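Q: Before I ask anything, let me first share the structure, which is written out below as structure tokens.
Rule-based calculations on the coordinates, nothing more; no lab input. Computed from a predicted model, the values in this text were never measured in an experiment. Reconstructed Cβ throughout: ideal geometry from the backbone, glycine too, with neighbour counts over all protein chains shown.
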Amino acid sequence: MKGKQVVVATGNAGKVREIEQALAGLGWQLTALGAVTLPEETGATYEENAALKACAAAVASGLPALADDSGLEVEALDGQPGVYSARFGNRPNDQERNLYLLEKLRGATNRRARFVSVVILAYPDGHLETYRGEMSGQLLEGPRGENGFGYDPLFVPDGETRSLAEMTVEEKRAISHRGRALAALQAAHQHGLPSRQVSVME
Ligand SMILES: O=c1[nH]cnc2c1ncn2[C@@H]1O[C@H](COP(=O)(O)OP(=O)(O)O)[C@@H](O)[C@H]1O
Ligand SMILES: [Mg+2]
């Protein structure tokens, strides 16, 4: 028997890989966005942006839809780029944004940062489930590793020596912001609990 069909409301291939891997145990049929166009991220918070994306996909498809909004908060930059992480410095791609971040932090001794992920499962009737995960660490002075996406090559989680880009998807999932948010979602749905349950993980 096939599990329930859920649309994954993101065009970010790195996120899709992590979401598919993290939720494999639920046996859900995860479906790509197809022709659905995601709205602009006009929210001031991860919660608002994740809800915008998940709701748009749920309404357009008539199916439950899952969206992640996430970002990197750098202490020395007063929490920037945060919700603007995907367009930091108006740079066009991950590699350019990493270089921009390194420029901004040149000579900075405080290299502490954290990742935040808010995952929202939205239903076509407008009901939302919200899950949040965080991961703290340090930013390197140059990129290391080839795996992952985004700022992964610059970020070493607390208690680790490797950057996220030097880890496998499984290793990253066990400690990452998104891994934690998705683990909370998985736990809430594991035993076929009512899908209306809301759980927020700090
Ligand atoms: O796990 C991660 N590793 C590295 N960078 C991340 C991670 N999570 C989020 N980011 C950064 O934050 C941005 C979050 O973007 P957002 O969630 O708005 O939309 P996106 O799905 O279009 O990328 C990513 O593009 C990436 O640069
Ligand atoms: Mg965003």
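Q: Treat every Asp and Glu Cβ in the range 17-130 as -1 and every Lys and Arg Cβ as +1, leave all other atoms uncharged, and give the resulting dipole magnitude about the Cα centre to the nearest 20 debye.
A: Once rounded to the nearest 20, the dipole reads 460 debye.
Q: Going by how many other Cβ atoms sit within 10 Å of their own, how do V16, V8 line up, fewest first? It would help to have the intermediate numbers written out before the result.
A: Details: V16 16, V8 22.
With the fewest neighbours first, V16, V8 line up as V16, V8.
Q: OK, next. Compute the angle between helix 46-61 and the longest alpha-carbon principal axis of the chain, please, reported from 0 to 90 degrees and rounded to the nearest 10.
A: 40
Q: Suppose we take every Cα in the range 65-164 and form the convex hull; what volume per residue is that in Å³? Don't skip to the answer; put the middle values down first.
A: On the way: hull volume 11.1 nm³, N = 100.
Once divided by residue count, the hull of the range 65-164 is 111 Å³.
Q: Sticking with this one: Could you tell me the largest-minus-smallest coordinate of the C-alpha atoms of the range 135-196 on each of the three principal axes, in descending order and whole angstroms?
A: 46, 19, 17
Q: How much mean residue ellipticity at 222 nm does the chain get from its helices, if each DSSP H run of length 4 or more adds -39500 (n - 2.57) and you divide by all residues, to the nearest 500 deg cm²/dmol? Write down the numbers at each step before the final one.
A: Numbers: 5 runs with 57 residues, N = 202.
Only helices count here, giving -8500 deg cm²/dmol.
Q: Could you check which residue among A22, A65, A187 shows the biggest mean-square fluctuation in a GNM of the chain with a 10 Å Cα cutoff?
A: Looking only at A22, A65, A187, the biggest GNM fluctuation is shown by A187.
Q: With all distinct Cα pairs included, what does the Kirkwood hydrodynamic radius of the range 80-131 come out to in Å, to one decimal, could you say?
A: Hydrodynamic radius (Kirkwood, Cα only) of the range 80-131 equals 13.5 Å.
Q: By how many degrees, between 0 and 90 and to the nearest 10, does the Cα long axis of helix 94-104 differ from the longest principal axis of the chain?
A: With rounding to tens, the tilt is 40 degrees.
Q: Looking at the calculated P(r) for the range 27-99, what percent of the C-alpha pair distances fall above 18 Å?
A: I get 49 percent for the Cα pairs in the range 27-99 exceeding 18 Å.
Q: If you take all C-alpha pairs in the range 2-134, what percent of them are over 20 Å apart? Don't skip to the end; give the middle numbers.
A: Details: 4246 of 8778 pairs.
Summing the P(r) of the range 2-134 above 20 Å gives 48 percent of all pairs.
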